[in-house]
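Each remark here refers to the structure printed beneath this line.
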Amino acid sequence: MSVRSPIVMLLVVSLVPTSLAFAGTPTGSPSPSTSSTISDADRATARALFSEGVKLFEEGNYEGAAAKFAAAYGIAPMGAVAMNLGRAYQSAGKAASAWAAYRDATDRFVEEGKADRAEECRARALALEAQLGRLKIDVTPGNPISLTLSLDGGVVAKGTSIVDTGSHVVVARAIGRKPWTTTVVVAKGQTTVTVTVPLLQKA
């Protein structure tokens with residue numbers, strides 16, 4: 001069986017009643033703590049997003065598939081959804097994003113009482129750790145307490161972050177100071193790359 005087939009099967013099990021699942025798919029209904037709070041309308045939306053994601057995955061558009069799975073996960077935050085998201089990220093070469101998705105899937109499966117799948121996702125995350133990039137952001141003492149940091153457009157705290165390999169943009173801002181921006185490249189297998197934010201200049 002190809003690696004793509006389990007993605008389709010897990011999605012079906014997660015979003016439709018067991019009686020409607022394809023023959024040969026795993027059995028068992030979703031955990032009441034997750035799926036029972038999803039409305040029929042949201043379930044249909046998530047299922048549609050999944051269908052689009054599966055199609056994109058089969059076409060080799062892994063980043064597009066990941067975007068659809070991520071949107072579906074925002075509606076139906078269940079273990080199987082996060083696991084499929086991790087597979088899409090991994091196929092797209094985004095080890096850090098896949099690692100995070102697998103860790104999230106592990107927690108969800110534990111909550112759902114699915115120990116075997118939780119262990120599978122835990123193992124997948126562990127196997128990716130050697131491929132992870134690490135970016136450490138230090139801040140020069142003396143900067144304003146209003147200083148904020150962003151990494152690739154998302155708010156981040158100083159310290160070490162797990163990142164995908166490739167280019168990343170770090171921006172520092174503070175009230176009354178000029179923004180500071182730098183681009184850093186994290187290579188595969190590289191240890192921690194450190195970026196130090198200097199004293200921001202007055203605006």
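List of remarks:
- Candidates in the stretch 112-146 are the residues that are of a type in the set (A, V, I, L, M, F, W, C) and surrounded by 17 or more Cβ atoms within 10 Å (Cβ to Cβ); of these, the one that is modelled with the lowest pLDDT is LEU132.
- Looking across the stretch 160-203, the residues that are in a loop (DSSP other than H, G, I, E, B) and polar (S, T, N, Q) come down to THR165, GLN190, THR191, GLN201.
- Verdict on ALA95 being within 13 Å of the chain's Cα centre (by Cα), farther than 23 Å from THR45 by Cβ and in contact (Cβ under 8 Å) with a residue 12 or more places away in the chain: yes
- Scanning the stretch 86-143 for residues that are over 20 Å from ASP164 (Cα atoms), hydrophobic (A, V, I, L, M, F, W, C) and not assigned by TED's automatic domain parsing to the domain that holds GLY159 yields PHE109, VAL110, ALA115, ALA118.
- Identity of the residue in the stretch 149-159, assigned to a strand (DSSP E or B) and exposed (fewer than 14 other Cβ atoms within 10 Å of the Cβ), that ends up farthest from the chain's Cα centre (by Cα): GLY159
- Filter result for GLY189 (modelled with pLDDT of 90 or more and exposed (fewer than 15 other Cβ atoms within 10 Å of the Cβ)): no
The values are calculated or read from the model by the stated rules, or taken from the named source; none is laboratory data. These figures come from a predicted structure and were not determined experimentally. Please note: Cβ atoms are built from the backbone with ideal geometry, for glycine as well, and neighbour counts cover all protein chains shown.
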